[in-house]
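See below for the structure under consideration.
Nothing in this text is a laboratory measurement; each read-out follows from the coordinates by a stated rule. Treat the numbers as computed from the prediction; the structure is a model and nothing was measured. For neighbour counting, all protein chains shown are included, and Cβ atoms are generated from backbone atoms with ideal geometry for every residue, glycine included.
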Amino acid sequence: MKTSWYKEPWAWLIFILPTIAVIASITTYFIANHEPDSLVIGDYYKRGKTINLEISKIKLAQKLGMQFALKTGGNDLIIKPTGIVKEFPLLNVNFYHPTLAKNDFHLVLTADGNGYFRHHFKTPISGKWRITLSSFKNNWRIENVIHLPQSDFINIEPDLAEAN
């Protein structure tokens, strides 16, 4: 006695396995493209040419004796110059998150009466950050990896090993 194909359990097993694979692949495609990874470096050759320029900026910071101390207390960021006697009006401060480019931010700070550079955040920042300090003219540069919050002052010094 012959039965209809849809009454056979083996027929459903043969149909359901490829159907599950197709549904899983479509789901994986949408998950992967929902929030695509940001491209860290688009033009490797161009980036390679600028590395020498960045290294020369770090060497200039070493030559000038640029050093800073950084501290975060609550929502306040305090950066004080420690290795120089020359005053400068503005300090560019860049914070780069190691994995999430959307969390990166930039500050332009002016010195207060004591020569300290201060900023008040709405919410406290924490975690691992790559911090870059540079002058307004961008002729010298200091890069360091720091972990926040920091209740005591930590030294931020020019180091060629920290350069990208």
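Computing FRET efficiency as 1/(1 + (r/R0)^6) for residue 101 and residue 128, where r is the C-beta to C-beta distance and R0 is 22 Å, gives about 0.95.
Ordering 60, 91, 13, 70 from the fewest to the most neighbouring beta carbons within 10 Å gives 13, 60, 91, 70. Charged side chains reduced to their Cβ positions (Lys and Arg at +1, Asp and Glu at -1) give the chain a dipole of some 280 debye around its Cα centre. Calculated FRET efficiency, residue 159 to residue 118, Cβ-Cβ distance, R0 = 22 Å: about 0.35 to the nearest 0.05.
Each residue of the stretch 26-32 was assigned a 3J(HN,Hα) from its phi angle through the Karplus expression (A = 6.51, B = -1.76, C = 1.60, θ = phi - 60°), giving 5, 4, 4, 4, 5, 5, 5 Hz with x at Gly and Pro. In this simple spin-label approximation, residue 150 and residue 136 carry label points 7 Å from Cα along the Cα→Cβ vector, and these lie 2.4 nm apart.
Cross-link pairs exceeding 32 Å in C-alpha to C-alpha distance, out of 71/102; 46/102; 46/71, comprise 46/71. Expressed in Å, the radius of gyration and Dmax of the Cα atoms of the chain are 26.5, 100.
At full extension, residue 27 and residue 88 could sit 16.5 nm farther apart than now, given 0.36 nm per residue minus the alpha carbon distance.
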